[in-house]
Amino acid sequence: MRHEAATDHGPITGPDPGSNDSRARKHRLRLLAIGVVAGAALAVGGILAFTSIIGGNTQPQTDAKPSPSSDGDKSSAPPGRGQEYTPATARPVSLFKPKSSAKGIGTGFEHSSLGAESAAVSYWQDFDLTDEVIAREQWTAVTSEDSPETIDRGVSGTVGEPFLIAVPKDGKTVVKALLSRSLDDSGEVIAVWMFYDRLVPSGEESADNKSLKGETTYLIVKWENGDWKVTEEPQYKTKVRGPRSYHPDSKWAFAAGWRRVALG
């Protein structure tokens with residue numbers, strides 16, 4: 001059966017709904033509809049994916065931090081983020097041991113700034129305080145040929161002691177911190193400031209033989225004949241400037257250059 005519609009061009013005949021052509025057309029329409037729906041879904045998914053990519057994670061991220069330890073040596077732990085270093089929290093300086101000895105005092109230190117620091121600390125801790133003869137031999141062994149007057153001043157206990165502090169006649173000197181400054185462009189003349197205790201054995205203290213604690217002094221050492229030698233030559237001594245005072249918990253002392261000395 002055919003259906004006719006009136007047009008200006010005459011009757012148009014439509015396909016029979018039951019014909020094969022009609023069924024094929026409906027099948028194509030269904031496939032087209034499915035394609036449109038699938039395409040819309042893909043488009044929405046693509047938009048969501050693109051939004052996720054450009055938007056990123058909206059949750060804030062924080063750096064993971066370890067929980068603080070309830071024990072341990074706080075003085076050796078490095079400062080956390082945002083904290084200031086102090087001599088107490090920074091790693092201490094490990095000094096060189098002398099490679100040789102002369103006249104009862106350690107000698108033979110490395111040709112470096114750390115070698116100069118090591119020499120100054122070693123000399124200051126090893127100078128004999130009880131026997132003038134031994135002390136003179138020691139000072140002679142480690143004093144520059146250009147500064148012979150340093151020997152007498154060293155034996156009398158005034159080298160590095162600008163205020164002529166009365167030193168103990170006995171006891172042990174322990175340097176606890178140091179700060180060094182180069183006095184020339186070559187780096188071979190160095191002033192080494194030291195914060196130290198000079199301890200008299202318990203029960204042996206007297207009015208003129210007391211322990212000293214928290215004292216500050218310096219030695220000028222220069223590289224000469226293969227080792228670091230103590231000098232007080234005027235052209236170097238006039239360049240020495242007193243540093244900021246030392247305190248283990250001071251960030252300003254650390255900024256000035258003070259460092260703890262590793263003991264032992």
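Quick one: go through the range 221-259 and flag any residue whose amide nitrogen is under 18 Å from the point 7 Å out along the Cα-to-Cβ line of Asp184. Residues 221-241 fall inside that zone.
Using a simple spin-label model with pseudo-atoms 7 Å out from Cα toward Cβ, Asp197 and Glu149 lie 3.6 nm apart. Annotation: amide H of Glu224 within the under-5 Å range of Lys229, sequence separation 5 or more or interchain, hydrogens built in the peptide plane. Distant-in-sequence amide contacts of Thr143, defined by a placed amide H-H separation under 5 Å and a gap of 5 or more residues or a different chain, comprise Val230. When only the Cβ of Lys, Arg, Asp and Glu is charged (+1, +1, -1, -1), the dipole of the range 189-255 relative to its Cα centre reaches about 420 debye. Taking amide hydrogens as placed 1.01 Å from N in the peptide plane, the amide H of Ser211 sits under 5 Å from those of Val200, each at least 5 positions away in sequence or on another chain. About its Cα centre, the dipole of the range 76-156 is roughly 540 debye, where the only charges are +1 on Lys and Arg Cβ and -1 on Asp and Glu Cβ. Separation of the alpha carbons by more than 29 angstrom is noted, of Lys210/Lys239; Lys213/Lys251; Lys103/Lys251; Lys176/Lys239, for Lys210/Lys239; Lys103/Lys251.
When each of the peptides 109-115, 139-145, 182-188 is scored by how many other beta carbons lie within 10 Å of its residues on average, the order from highest to lowest is 139-145, 109-115, 182-188. If R0 is taken as 22 Å, the Cβ-Cβ distance between Gln235 and Thr140 corresponds to a FRET efficiency of 0.50.
Residue by residue, the range 195-200 carries 3J(HN,Hα) couplings of 9, 8, 10, 10, 9, 8 Hz when phi is fed to the Karplus relation 6.51 cos²θ - 1.76 cosθ + 1.60 (θ = phi - 60°); x denotes Gly or Pro.
For the peptides 214-221, 93-100, 249-256, the ranking by mean Cβ contacts within 10 Å, running from highest to lowest, is 214-221, 249-256, 93-100.
Remark: the range 223-236, residue by residue, has Karplus-estimated 3J(HN,Hα) of 6, 8, 6, x, 7, 8, 10, 6, 9, 10, 4, x, 5, 9 Hz, where x stands for each Gly or Pro and the curve is 6.51 cos²θ - 1.76 cosθ + 1.60 at θ = phi - 60°.
No lab work stands behind these numbers, since they all come straight from the coordinates. Please read these numbers as outputs of a predicted model, since none were measured by experiment. Positions of Cβ are generated from backbone atoms using ideal geometry, with glycine treated the same way; all protein chains shown enter the neighbour counts.
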